[in-house]
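Comments concern the structure below.
The values are calculated or read from the model by the stated rules, or taken from the named source; none is laboratory data. This one's a predicted model, so the numbers in the text were calculated from it and none came from an experiment. Heads up, the Cβs are rebuilt from the backbone with ideal geometry, glycines too, and the neighbour counts pull from every protein chain shown. For the accessible areas, the whole protein counts, side chains as well, though only heavy atoms, and no ligand, DNA or RNA atoms are used. Shrake-Rupley method; radii C 1.70, N 1.55, O 1.52, S 1.80 Å.
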Amino acid sequence: MQFRLWYDRYETSSATFTSYMQRFDVPHQAVHRIAIQAKELMDGGKMSSAKALVHDAENTILKAC
């Protein structure tokens, strides 16, 4: 099962776990956006720009996680 399907359907009575999963959503969505942008760059022959985008995300958006 894909993670997103599980994530969207998962229910719990644990407020702690619910809070954790909600905090996970922001970086999770960011990874998807970055992947789409990187693929578009690669498809356009801009491999170094795609690598720079991913590297920048590692050191900014994803580092805070």
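So, of the residues in the stretch 48-64 that are open to solvent by 70 Å² or more (accessible area, probe 1.4 Å) and more than 14 Å from the chain's Cα centre (by Cα), which turns out to be nearest to PRO27 (Cα to Cα)? The selected residue is LYS51. Among the criteria (1) open to solvent by 90 Å² or more (accessible area, probe 1.4 Å); (2) on the phi > 0 side of the Ramachandran plot, the one GLY45 does not fulfil is (1). The selection criterion, being of a type in the set (Lys, Arg), surrounded by 11 or more Cβ atoms within 10 Å (Cβ to Cβ) and assigned to a helix (DSSP H, G or I), does not hold for ARG4. Counting the residues of the stretch 10-30 that are exposed (fewer than 10 other Cβ atoms within 10 Å of the Cβ), part of a helix (DSSP H, G or I) and at pLDDT 85 or above gives 2.
Would you call ARG33 of a type in the set (Lys, Arg), under 14 Å from the mean Cα position of the chain (by Cα) and either on the phi < 0 side of the Ramachandran plot or modelled with pLDDT of 90 or more (or both)?
Numbers: of a type in the set (Lys, Arg): yes; under 14 Å from the mean Cα position of the chain (by Cα): yes; either on the phi < 0 side of the Ramachandran plot or modelled with pLDDT of 90 or more (or both): yes.
Taking the combined requirement at face value, the residue satisfies it.
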